Amino acid sequence: MKRTKVLALILAVAVLATAVFALTACKDDTTEGEITLPPYEAIDTPDYSSVTVPADFKIGFIFLHDANSTYDKNFIDAAEEAVAAMGLTDAQVEYRTNIDESEECYNTARELVDAGCDVIFADSFGHETYMLKAAKEFPNVEFCHATGTMAHTAGLANFHNAFASIYEGRYLAGIAAGMKLKELYGDENGNVSAENAKIGYVGAFTYAEVISGYTSFYLGAKSVVSNVTMEVTFTGSWYDEAAEREGANNLISRGAKLISQHADSMGAPSACEVAGVPNVSYNGSTYSACPNTFIVSSRINWVPYFKYIIAQKVKGEAIAADYTGSIKDGSVVLTNLGSAAAAGTVEAIVAARTQLANGTLNVFDTSKFTVGGETLSPSHKADVDTDDNYTPDTEVVENGIFRESKFRSAPYFDLRIDGITLLDEEY
């Protein structure tokens, strides 16, 4: 027994040692062994070729962590791609990494104003109050913030929130998960036993963003394996490699046959690789570090938004208070598939992706899930305007569809649907 534990520990260390390398190569370029997923031909992407950015324009980026975080690396890669595409020089861009969700964010925003930035972007939910504070102080600078909730009620022309319909990407990733369960455990009729139709999810916090994400992933899996169930554990941090690894291992010990996540380190994917459990990651491919277990990853492509805010500022036109990217404009994407993906997964994803883009498939179709054994009422209010008590204030169900990210860019789906069990809710 001791020898087995030692060998497992050695293997875990080896996997984690390669993880840092993997995170430097999380772009969607195909590597040997991956399965190419045909890109969606975006149809709503604006053409900025006629926009000439003046030499005195400058943009600043504030990131919660650095490129060792899959979440922040996704933003950093997009920022670098966007500014290059718009013709900016290195002197026109300022990057700040490892900026806490504290007064440090406000101080950094002030520094970027002093450095001459016309637009400042921050990437983490907890940065919002500090970005809003800076926006009030510097009305001639545009302050843009990902995942936030306050812009549509703040009443400031220079403060903006942005997100994307990533729930659609997670739904597609859930389809890949369901296909894998069927391949591994389906009988001759494709049925999967209750014991084997159990998956797990490592989340950061019990925020609506995380709830929307794990629910859409679950519904994607359920569209393939109708009796799938899922357990969710939370770490209380966006980036805690040890806690995420521990969470994944706990879910595996409880019988999860596949793991996904809404957390930013290699903790969960590495635990899955050691245990030989299939994994669906987030914000970038982990195939290099986890070649035996990686299936697919969904992510928001921030390039369209970064181009947009640069172009709008240069043209002297307003930036939307709430911007929601989509599959159609190239803001919601999936990586190529790992070799662990089940046969037929590419075809299943492409078919569902087309339906999501043309509106014939809706992730939060209320006829496809229940809450407390009941179908959701035709009328349901969600907390969109966000007061201190999170009071439901906006009707969000239209024609039997919960309209996520329509009334605010940041997710507000926070229903606890049947089939999903939360192991801890203190975060």
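The values are calculated or read from the model by the stated rules, or taken from the named source; none is laboratory data. The structure presented is a predicted model; accordingly, all values stated were derived computationally and were not measured. Cβ: placed from backbone, ideal geometry, glycine included. Neighbour counts: every protein chain shown.
At a glance:
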{"read-out": "Close pairs (7 angstrom Cβ cut-off, 6 or more residues apart or separate chains): free of Cβ contacts under 8 Å to residues at least 24 places away in the same chain and under 16 Å from residue 214 (Cβ atoms) in segment 248-277, of a type in the set (Lys, Arg) and surrounded by 24 or more Cβ atoms within 10 Å (Cβ to Cβ) anywhere", "value": "none"}
{"read-out": "Residues of segment 160-192 classified as more than 30 Å from residue 119 (Cβ to Cβ) and not basic (Lys, Arg), total", "value": "20"}
{"read-out": "In segment 236-248, the residues that are closer than 25 Å to residue 178 by Cα and buried (at least 21 other Cβ atoms within 10 Å of the Cβ)", "value": "244, 245, 247, 248"}
{"read-out": "Condition check for residue 411: part of a loop (DSSP other than H, G, I, E, B) and surrounded by fewer than 21 Cβ atoms within 10 Å (Cβ to Cβ)", "value": "no"}
{"read-out": "Pairs, first at positive phi in segment 89-102, second not hydroxyl-bearing (Ser, Thr, Tyr), C-beta under 7 Å, six or more apart", "value": "98/65; 98/66"}
{"read-out": "Output for segment 357-411, where each listed residue is among the β-branched types (Val, Ile, Thr) and on the phi > 0 side of the Ramachandran plot", "value": "386"}
{"read-out": "Single condition residue 221 does not satisfy, out of (1) touching a residue at least 40 places away in the same chain (Cβ under 8 Å); (2) under 26 Å from residue 123 (Cβ atoms); (3) among the hydrophobic types (A, V, I, L, M, F, W, C)", "value": "(2)"}
{"read-out": "Selection within segment 385-408 - aromatic (Phe, Trp, Tyr) and crowded, with 16+ Cβ neighbours inside 10 Å", "value": "402, 407"}
{"read-out": "Subset of segment 280-314 [over 24 Å from residue 79 (Cα atoms), in a strand (DSSP E or B) and in contact (Cβ under 8 Å) with a residue 60 or more places away in the chain]", "value": "280, 295"}
{"read-out": "Pick from segment 138-168, criterion of a type in the set (Val, Ile, Thr) and assigned to a helix (DSSP H, G or I), ranking: surrounded by the fewest Cβ atoms within 10 Å (Cβ to Cβ)", "value": "153"}
{"read-out": "Count of residues meeting criterion [more than 17 Å from residue 404 (Cβ to Cβ) and surrounded by fewer than 18 Cβ atoms within 10 Å (Cβ to Cβ)] in segment 317-359", "value": "11"}
{"read-out": "Any chance residue 327 is farther than 18 Å from residue 224 by Cβ and not acidic (Asp, Glu)", "value": "yes"}
{"read-out": "Pair list, Cβ < 9 Å and 6+ apart or interchain, from segment 171-196 residues that are within 25 Å of residue 361 (Cα to Cα) to residues that are among the hydrophobic types (A, V, I, L, M, F, W, C) and surrounded by fewer than 18 Cβ atoms within 10 Å (Cβ to Cβ)", "value": "171/361; 179/343; 183/343; 192/184"}
{"read-out": "Some residue of segment 368-381 being within 23 Å of residue 203 (Cβ to Cβ), surrounded by fewer than 17 Cβ atoms within 10 Å (Cβ to Cβ) and among the hydrophobic types (A, V, I, L, M, F, W, C)", "value": "yes"}
{"read-out": "Of the criteria (1) out of contact with any Leu (no Cβ under 8 Å at 6 or more places or on another chain); (2) at pLDDT 95 or above; (3) closer than 22 Å to residue 34 by Cβ; (4) assigned to a loop (DSSP other than H, G, I, E, B), which one residue 224 fails", "value": "(1)"}
{"read-out": "Only listed residue being closer than 29 Å to residue 39 by Cβ, in a strand (DSSP E or B) and in contact with a helix residue (DSSP H, G or I) (Cβ under 6 Å, 6 or more places away or on another chain), chosen from 201, 171", "value": "201"}
{"read-out": "Check on residue 311, in contact with a strand residue (DSSP E or B) (Cβ under 9 Å, 6 or more places away or on another chain), farther than 30 Å from residue 289 by Cβ and surrounded by fewer than 22 Cβ atoms within 10 Å (Cβ to Cβ)", "value": "no"}
{"read-out": "Those residues of segment 263-273 which are at pLDDT 95 or above and either surrounded by fewer than 24 Cβ atoms within 10 Å (Cβ to Cβ) or not aliphatic (A, V, I, L, M) (or both), in sequence order", "value": "267, 269, 270, 272, 273"}
{"read-out": "Every residue from segment 353-379 that is of a type in the set (Val, Ile, Thr) and touching a helix residue (DSSP H, G or I) at 6+ places or on another chain (Cβ under 8 Å)", "value": "363, 375"}
